[in-house]
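First up is the structure itself, then whatever we jot down about it.
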């Protein structure tokens with residue numbers, strides 16, 4: 001009964017979305033207040049209905065209702081409760097229901113907190129947001145119904161993919177969806193502004209918090225996915241340039257560009273057309289990512305392999321919304337004339353350069369991701385674009401971005417004096433060069449990546465600190481720091497986080513050590529200044545898996561520092577093995593141990609990695625997200641959302 005109610009609620013949400021899409025849009029065009037007012041209660045009702053539908057599906061998973069096809073394919077009665085819940089979105093149909101839940105949530109939040117928006121703009125934003133939701137409701141109901149029943153329910157289910165039965169991946173998809181589905185509200189603001197033919201400082205101020213929320217959650221989601229890949233897949237890497245990884249990374253880059261570009265619109269009423277275009281592209285690339293993941297056109301470790309019907313439906317949604325928005329942009333671009341002018345050397349120019357680097361780097365990732373498909377369709381050739389291409393093509397843009405970011409962040413608006421900024425940053429630059437030189441001298445015979453990473457990390461962190469100190473005035477009154485807007489602190493923390501992540505990535509890639517060998521029980525071996533001893537290997541029974549678990553003692557300088565337990569698990573229901581790495585986490589390095597297959601002589605294959613600065617990658621990501629939350633807590637985001645008060649709409653009675 002609850003399942004049927006969930007299905008019925010989803011159908012009702014679809015119908016409400018159509019009403020919300022049509023009525024407020026007509027009302028805004030005719031300037032009928034009553035019709036425009038429909039948008040807000042409709043957005044709330046739509047969210048509540050989808051939430052009820054999602055709760056019904058969750059109930060089916062928690063209670064192991066095997067009359068539901070989706071539960072049979074993705075759950076099992078012996079599975080731990082956390083994975084029963086995460087199984088709701090660990091599949092195509094359930095994850096799409098989570099998608100529309102978040103889509104409706106952002107629409108409802110725009111209705112709840114958009115009281116300061118002009119009524120016509122608010123109505124159009126909610127109508128556009130609902131049009132996106134309506135398209136995905138249709139996709140779910142007609143091609144991916146999560147509430148499909150089975151005529152003869154089986155005794156038990158087929159279990160969830162064992163790779164997804166992990167805490168990191170349980171929380172990764174919701175955060176990721178909050179990020180790139182959240183960009184839909186930025187898209188709705190952009191299309192609504194194009195329909196009205198007006199983009200001003202108020203629009204820039206309204207769109208910034210939504211962009212920041214999406215970017216923060218996308219940062220957390222990507223970091224969780226990267227951390228999961230690091231410790232769960234057993235390959236020892238943090239990023240593999242997989243198509244699904246790229247699907248979330250491309251919108252993240254565009255969202256970062258949009259976030260900085262919206263600042264220029266708000267402060268200077270410049271870059272209007274470019275900012276609107278970025279808002280369209282950011283969500284457009286979210287839709288492209290959805291197509292890549294769910295169409296089956298590209299192979300990925302964790303893609304949803306689906307039939308062509310679903311892929312074509314998503315492609316139609318992508319073409320309609322992205323193509324339609326770009327067409328509207330082309331028709332209305334002349335109405336978005338920039339008012340603010342600025343010099344070649346200015347904060348605005350620095351942000352323009354920032355935008356170009358981020359946008360082009362995202363396009364590079366897109367080309368590398370989609371090129372195998374293009375080559376197969378156009379030239380009938382099977383190609384594989386792997387990490388060497390991405391590392392070579394993408395890295396230079398990030399290096400340049402890291403170099404210019406501290407300087408651009410300290411330039412004045414409109415016209416700047418670069419000499420003053422460079423003098424302030426001279427100590428930071430000197431320290432960065434000195435540390436890079438020290439590392440270069442210590443690592444004879446190694447690549448340049450390590451010293452470059454040390455330079456960029458130090459430069460970004462010390463540059464952010466220099467920016468904060470510069471705000472204390474000539475008297476260096478540190479009490480001024482406590483009175484700084486939280487957005488300034490957020491900027492400094494986020495930029496520092498980027499520097500720490502860059503340093504972690506470079507250190508791990510440049511200085512990692514790897515050892516693969518066959519070890520006998522009781523045998524000790526040395527790797528990179530550490531001694532490891534394989535003490536025992538035993539069979540262990542888990543709640544829904546069998547495990548081969550090793551006991552490895554880790555020693556340094558003759559002193560025992562940790563006991564590690566790498567595993568190889570087998571899930572009998574899913575008939576799938578997984579590798580569980582054992583990691584000794586430390587501030588400056590990780591020791592990463594993986595057990596392989598048994599050998600005929602009684603030994604075991606052991607893989608050991610020494611990974612310098614690995615934790616700095618995710619520590620920097622946490623700082624970037626923290627910087628975003630600090631900026632969101634700024635009082636200026638909570639007071640009048642618009643830069644100006646708009647006159648009330650004069651009502652015209654509906655005839």
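Would a scan of segment 546-553 turn up a residue that is in contact with a helix residue (DSSP H, G or I) (Cβ under 8 Å, 6 or more places away or on another chain) and either surrounded by fewer than 16 Cβ atoms within 10 Å (Cβ to Cβ) or outside the structural domain of residue 589 (by TED's automatic domain parsing) (or both)? No - not one qualifying residue is present in segment 546-553. Filter segment 111-126 down to the residues that are buried (at least 22 other Cβ atoms within 10 Å of the Cβ) and either out of contact with any helix residue (DSSP H, G or I) (no Cβ under 6 Å at 6 or more places or on another chain) or closer than 20 Å to residue 316 by Cβ (or both) and list them by number. Correct list: 117, 118, 122. Within segment 609-634, the set of residues being surrounded by fewer than 23 Cβ atoms within 10 Å (Cβ to Cβ) and in contact with a strand residue (DSSP E or B) (Cβ under 7 Å, 6 or more places away or on another chain) comprises 610, 612, 615.
Condition first: closer than 28 Å to residue 370 by Cβ and touching a strand residue (DSSP E or B) at 6+ places or on another chain (Cβ under 9 Å). Can you find one or more residues in segment 210-225 that meet it? Among the residues of segment 210-225, not one is closer than 28 Å to residue 370 by Cβ and touching a strand residue (DSSP E or B) at 6+ places or on another chain (Cβ under 9 Å), which makes the answer no. Mind checking whether some residue in segment 158-167 is free of Cβ contacts under 8 Å to residues at least 40 places away in the same chain and more than 22 Å from residue 295 (Cα to Cα)? For segment 158-167, residues free of Cβ contacts under 8 Å to residues at least 40 places away in the same chain and more than 22 Å from residue 295 (Cα to Cα): absent. Listed here are the helices (runs of 4 or more DSSP H) enclosed by segment 1-112 that have at least 3 residues being closer than 29 Å to residue 152 by Cβ: 2-30, 39-62, 69-74, 81-86.
Taking segment 34-55 as the range and being within 15 Å of residue 147 (Cα to Cα) and more than 27 Å from the chain's Cα centre (by Cα) as the test, no residue passes.
Considering segment 222-237, and only residues there that are surrounded by 22 or more Cβ atoms within 10 Å (Cβ to Cβ) and closer than 16 Å to residue 390 by Cβ, the residue that is modelled with the lowest pLDDT turns out to be 229.
Only one entry of 463, 437 meets the criterion of being in contact (Cβ under 8 Å) with a residue 12 or more places away in the chain, surrounded by 19 or more Cβ atoms within 10 Å (Cβ to Cβ) and in the same structural domain as residue 502 (by TED's automatic domain parsing), and that entry is 463. Residue 203 - would you say it is in a helix (DSSP H, G or I) and over 27 Å from residue 577 (Cβ atoms)? In short, yes. In segment 182-202, the qualifying residues are those that are in contact with a helix residue (DSSP H, G or I) (Cβ under 6 Å, 6 or more places away or on another chain) and over 11 Å from residue 125 (Cα atoms), and the one that is surrounded by the fewest Cβ atoms within 10 Å (Cβ to Cβ) is 197.
The values are calculated or read from the model by the stated rules, or taken from the named source; none is laboratory data. Please read all numbers here as calculations on a predicted model, not as lab measurements. When we count neighbours, we look across all protein chains shown, and the Cβ atoms used for this are built from the backbone with ideal geometry, even at glycine.
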